[in-house]
Amino acid sequence: MKKSLQMFFGIVGLIAAVLWALNGVPFTEIIQAFQGMNGFLLMIVFVLTLSNLLIRSLVWKNIAGTLTHLTVKNALTSYVFGVFSNLFLPFKLGDVAQGYALGKDQRVSTVSAVSAVLIQRVFEIGSLLVVMLAIAVRFSVPYLYERRTLALVLIFLVVVSTILLLLKKKLSIVTFVNKTIARYSPGFAQSAAFVIENFIRGTSAIQNIHVVIKVVILSIISWGVQICMIKFTADALAINIDFVASSVVLLIINIGLLVPLAPGNIGTFQVLGIIALSFYSVTKTRALAFSIVYQVIQGIPVIIGGTVSLILYLKKQQVSV
């Protein structure tokens, strides 16, 4: 029932977002904006998109590498598969698909692989906070942005503290769960203890200082690449914003997408793009054109790479059978 309600509100929110984004927008101006795009700059954005996928895959390689030996190719394949799945699955369920695919491909616990994806998201949020702090030194952000930033900091601190506590008290937690549940169901107690133990094991990357340093550096570089992508996409559409403004636009969009409602964030991405660019007096028409172009450029390599990854994954499953 709960999932049905979430799906219902997600669909309603998607429809409302699309209607709001299209309301009052003359389509002839959208077409004119597309026709006047700078193809060379868009090609640069496409190359940066590919580079960012590789950087994010290296982040995933370092995190999942604490569970199993992972090549760059395997890391890229499983990461792109997860992003690809998120285009079609709501509520970030592609993250589960990413962990499941890695677990089956590398023969590690699926629970550990999925919890490793959670750690990847923790690092993304942590590096995002670092970038936001750097921008705040030079830019006075709107009140809404500040409020969400505070909430993001609190959530991040709670999540990291919880993970560290789980790692520190791993043996005690598993033993307690096993003994407590065993009083009622010995079989279920063993299963629950197994799941908890493997979940905690998947978060072990956060304890390795060398992995943490590499992942944080790669994540910050990734955000830098995405800022450049925003800037060059805006330039291609004759939208005049500097790198600081591009940073704020990127961060507002990503903060808004932390709780995705629709597959591929279609509609919600456009609404957030329009809101973010409105701070810089960009018209709704041009902001809508920007958000469409930016999302399409990011989606093309993900769709192609995700399809290839899916085919390779299915072939491996057939061979193993």
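Yes/no matrix, rows are residues, columns are (1) touching a Ser or Thr at 6+ places or on another chain (Cβ under 8 Å); (2) under 15 Å from N52 (Cβ atoms):
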| position | (1), (2) |
| --- | --- |
| I196 | no, no |
| T203 | yes, no |
| V211 | yes, no |
| V216 | yes, no |
| I220 | yes, yes |
| V225 | yes, yes |
| M229 | yes, yes |
| F232 | no, yes |
| L237 | no, no |
Against the condition in contact with a Gly (Cβ under 9 Å, 6 or more places away or on another chain), free of Cβ contacts under 8 Å to residues at least 24 places away in the same chain and crowded, with 18+ Cβ neighbours inside 10 Å, how does A64 come out, does it pass? no
Which one of the conditions (1) surrounded by 18 or more Cβ atoms within 10 Å (Cβ to Cβ); (2) at pLDDT 70 or above does Y145 fail to meet, given that it meets all the rest? (2)
In the stretch 185-298, which helices (runs of 4 or more DSSP H) lie fully inside it and hold 1 or more residues that are surrounded by fewer than 19 Cβ atoms within 10 Å (Cβ to Cβ) and among the hydroxyl-bearing types (S, T, Y)? 186-202, 268-278
Only residues in the stretch 291-302 that are in contact (Cβ under 8 Å) with a residue 12 or more places away in the chain count as the first member; pair them with residues that are among the charged types (D, E, K, R), Cβ under 7 angstrom, at least 6 apart or cross-chain, and list the lot. none
Filter result for V59 (farther than 14 Å from V215 by Cβ and either surrounded by 23 or more Cβ atoms within 10 Å (Cβ to Cβ) or β-branched (V, I, T) (or both)): no
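The values are calculated or read from the model by the stated rules, or taken from the named source; none is laboratory data. Remember, predicted model here, so these are calculated numbers, not experimental data. Please note: Cβ atoms are built from the backbone with ideal geometry, for glycine as well, and neighbour counts cover all protein chains shown.
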